[in-house]
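Input: a single structure, listed below in structure tokens.
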Amino acid sequence: MKTSAILVPRLPLVIRPRLATRLPYFLTLMKPRVMALAVFTALVGMMIAPNRLDPLLGFVAILAIAAGAGAAGVLNMWYDADIDAVMTRTARRPIPRGKVSRAEALAFGLALAVSAVTVLALVINLKAAGLLAFTVFFYVAVYTMWLKRLTPQNIVIGGAAGALPPVIGWAAATGDVGLEPFVLFVIIFLWTPPHFWALALTRADEYARAGVPMLPVVAGKSATAKHIFVYSLLLLPVSIIPWALGFASGVYGAVAAAGGAIFIVLAAQVRRSRGINQRAAYHLFAFSILYLFLLFAALLAGSTNRSTITLAERAAVTVETSQATFSADQLQTMRGPFRVSAGGV
């Protein structure tokens, strides 16, 4: 009796420190740096939308989007544990180190994903929840489980998942999807390949050892450098579209032009070296992160669309105004003869 009385209170004392010490590993599984950039672009999409969420609801929406992004990272690490174990860049992740089991990671990722989508559906709206669910599914099932190990175009197609957060943020605020968030989607979609391929150039040997058909492994570094340059050229004019369409200010336009020009210069350096210069590739990779952050920060700071109507609504107002003007002119034309006749009498 005395022995059992001593063991029972000790059990929680053994478990609590273990859970506390393992918590950072579960947070690492969520890829916090990747998650932070996704959440920031979602926040910008939400803030530039014509409708404003209540601050508390906005916080809940961002928290749910963050949980969804984190869930995608956890499930990615769960499935890619075998690849992570043989790559130097990822060998220190929690699962390869044995800090978290694959079963625990799977349960944690699924719980996060379901909770995030459920909260967004119940508290915000179904469209934003559906987009978040699709994003997690696309990143995990389509990119991680299928494309990543199948084709060198994995990051091009899979990049769609990483480009959706601003669309989700806009949908959370408006309950709909418009032209503006689609443009932001295209910007991130075009940004993703040169961003990731620049990193892949510095890790080509590791990807080859892991059996992942990244573009530098399959097509070679020189071909990858050419692809990076082409995408960088496409990115510049597309990044200026928000300013050209009028839902971003001149400040954004200047940042987009200057940042895009620097992006192209760095991509040209990678191309001149035929992808062999790892320093040039890493400089492009590092700048690409700063570039996307500055681009969306400028959009948030200088948006001209925060308290105004959407582009679609502006077009409708323009049409209605034109019709009203036409009707007024037509009425004036009809009144003219009567005024002349009256004068004649």
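What the table shows:
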{"read-out": "Sole residue being β-branched (V, I, T) and in contact with a Ser or Thr (Cβ under 6 Å, 6 or more places away or on another chain), chosen from I228, I240, I289, I264", "value": "I264"}
{"read-out": "Where a residue in the range 66-89 is more than 21 Å from A208 (Cβ to Cβ) and its partner, wherever it lies, is aromatic (F, W, Y) and surrounded by fewer than 21 Cβ atoms within 10 Å (Cβ to Cβ), with Cβ under 7 Å and at least six apart", "value": "V74/F108"}
{"read-out": "Search result, residues across the range 133-172 that are of a type in the set (S, T, N, Q) and assigned to a loop (DSSP other than H, G, I, E, B)", "value": "T151, Q153"}
{"read-out": "Condition met for G73 (of a type in the set (G, A, S), part of a helix (DSSP H, G or I), under 18 Å from the mean Cα position of the chain (by Cα) and farther than 29 Å from W146 by Cβ)", "value": "no"}
{"read-out": "Pairs where the first residue, in the range 181-205, is within 30 Å of A128 (Cα to Cα) and without any contact (Cβ under 8 Å) to a residue 40 or more places away in the chain and the second is buried (at least 19 other Cβ atoms within 10 Å of the Cβ) and aromatic (F, W, Y), C-beta under 8 Å, 6+ apart", "value": "P193/Y231"}
{"read-out": "The range 45-75: number of residues that are over 20 Å from S115 (Cα atoms) and surrounded by fewer than 24 Cβ atoms within 10 Å (Cβ to Cβ)", "value": "7"}
{"read-out": "Among the candidates G73, G58, G98, G68, residue that is out of contact with any helix residue (DSSP H, G or I) (no Cβ under 9 Å at 6 or more places or on another chain), among the small types (G, A, S) and modelled with pLDDT of 90 or more", "value": "G98"}
{"read-out": "Qualifying residue in the range 217-231 (condition: surrounded by fewer than 21 Cβ atoms within 10 Å (Cβ to Cβ) and over 21 Å from S273 (Cβ atoms))", "value": "no"}
{"read-out": "Leading residue by the ranking (farthest from L299 (Cα to Cα)) among those in the range 261-282 that are buried (at least 22 other Cβ atoms within 10 Å of the Cβ) and small (G, A, S)", "value": "G275"}
{"read-out": "In the range 160-188, the residues that are within 20 Å of L37 (Cα to Cα), surrounded by 20 or more Cβ atoms within 10 Å (Cβ to Cβ) and not aliphatic (A, V, I, L, M)", "value": "G162, P165, P166, G169, W170, E180, P181, F185"}
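The values are calculated or read from the model by the stated rules, or taken from the named source; none is laboratory data. Being a predicted model, the structure only gives us computed values, none of them experimental. Note that each Cβ is placed from the backbone with ideal geometry, even for glycine, and that neighbours are counted across all protein chains shown.
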